[in-house]
Amino acid sequence: MEKLNIEYLTRTNNELDRIFLKAAYDYAWIRSEDERTKTGANIARNGVIRAKGANHFMPGTENVADRSSPEKKHLYIIHAEKDAIANGKRNKVAFALSTMYMPWIPCVSCYNAVIESGIKKMVVHRDLIERTPERWIKNLNETLEMARDKFQIVMYEGKIGNGTKSLFNGEEWNP
């Protein structure tokens with residue numbers, strides 16, 4: 001089985017990173033419409049969250065069983081990273097020198113949106129990364145390869161705690 005190539009990522013257990021990751025998990029728990037995987041992201045600069053996003057169905061799209069299946073939902077769901085960027089743009093947030101906090105490594109499409117937005121750093125969570133389903137490994141390894149030596153991805157190592165809940169691949173857990 002192929003594994004994620006995370007060995008080059010910088011590790012952290014910084015308390016501010018934990019707090020901002022918790023905010024992403026909590027926002028996803030409340031706002032995500034995905035019944036199998038709730039993903040959130042936020043964009044912060046100078047210690048303040050400037051924009052938030054959660055994965056959700058495109059406006060006007062019903063969440064029906066056929067569309068929410070693992071094979072099809074990527075066609076109908078807006079990812080949390082793109083939602084946070086769009087919400088920030090609507091509110092005229094400048095992303096230069098910002099950090100995006102999202103528990104999972106972004107897919108290639110979301111990574112490209114992050115780069116294009118001007119965000120300079122990402123913080124992800126090791127506990128969620130280790131849960132990556134095999135069907136996503138190739139795509140996320142492409143993101144990691146694109147980012148290598150060009151973009152800073154920091155991996156938080158530790159528990160988020162404080163009653164945080166997550167839903168990933170149909171399984172509820174406490175990060």
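The values are calculated or read from the model by the stated rules, or taken from the named source; none is laboratory data. These figures come from a predicted structure and were not determined experimentally. Positions of Cβ are backbone-derived with ideal geometry, glycine not excepted, and every protein chain shown enters the neighbour counts.
Of the residues making up segment 138-149, those that are within 26 Å of Arg18 (Cβ to Cβ) and either of a type in the set (Val, Ile, Thr) or without any contact (Cβ under 8 Å) to a residue 40 or more places away in the chain (or both) are Thr143, Ala147. Contact map, segment 114-133: residues that are over 29 Å from Arg90 (Cβ atoms) paired with residues that are in a helix (DSSP H, G or I), Cβ distance under 9 Å, separation 6+ or inter-chain. Pairs shown: Ile129/Leu140; Thr132/Leu140.
When you check Val48 against the structure, is it at pLDDT 95 or above and either closer than 24 Å to Glu171 by Cβ or of a type outside the set (Gly, Ala, Ser) (or both), yes or no? Criteria met by Val48.
Among the residues making up segment 1-16, those that are surrounded by 11 or more Cβ atoms within 10 Å (Cβ to Cβ) and not in a loop (DSSP other than H, G, I, E, B) are Arg11, Thr12, Leu16. Among the residues of segment 10-43, those identified as hydrophobic (A, V, I, L, M, F, W, C) and in contact with a helix residue (DSSP H, G or I) (Cβ under 8 Å, 6 or more places away or on another chain) are Ala24, Ala28, Ala41, Ile43.
Contact map, segment 16-29: residues that are closer than 12 Å to Pro103 by Cα and without any contact (Cβ under 8 Å) to a residue 40 or more places away in the chain paired with residues that are among the basic types (Lys, Arg) and crowded, with 19+ Cβ neighbours inside 10 Å, Cβ distance under 7 Å, separation 6+ or inter-chain. Pairs shown: Tyr27/Lys52. Among the helices (runs of 4 or more DSSP H) confined to segment 103-175, the ones with at least 1 residues that are surrounded by fewer than 18 Cβ atoms within 10 Å (Cβ to Cβ) and more than 15 Å from the chain's Cα centre (by Cα) are located at 108-117, 134-147.
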